[in-house]
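The values are calculated or read from the model by the stated rules, or taken from the named source; none is laboratory data. As the structure is a prediction and not an experimental result, all values here were calculated from the model. Cβ: placed from backbone, ideal geometry, glycine included. Neighbour counts: every protein chain shown. Calculation scope for accessible area: heavy atoms of the full protein, side chains included, ligands and nucleic acids excluded. Shrake-Rupley method; radii C 1.70, N 1.55, O 1.52, S 1.80 Å.
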Amino acid sequence: MAKCPYCKLEVDFKNVERVKKGAGILMQEIMYVCPHCQSILGVSRGKYTG
Ligand SMILES: [Zn+2]
């Protein structure tokens with residue numbers, strides 16, 4: 001359980017929105033978006049295969 005630094009509401013990473021970005025499989029980023037205020041909490045890069 002974590003708190004959103006923007007709206008101070010509790011954010012469960014099971015409920016957090018994951019937005020996939022990227023044109024293909026090789027360049028894919030997953031953005032974690034707060035479900036309360038839609039702020040971007042973080043970005044994690046997908047695996048680079050090959
Ligand atoms: Zn928030």
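A few remarks follow.
- Considering residues of segment 3-30 that are at pLDDT 85 or above and in a strand (DSSP E or B) only, the residue surrounded by the most Cβ atoms within 10 Å (Cβ to Cβ): V11
- Selection within segment 37-50 - modelled with pLDDT of 80 or more and open to solvent by 100 Å² or more (accessible area, probe 1.4 Å): Q38
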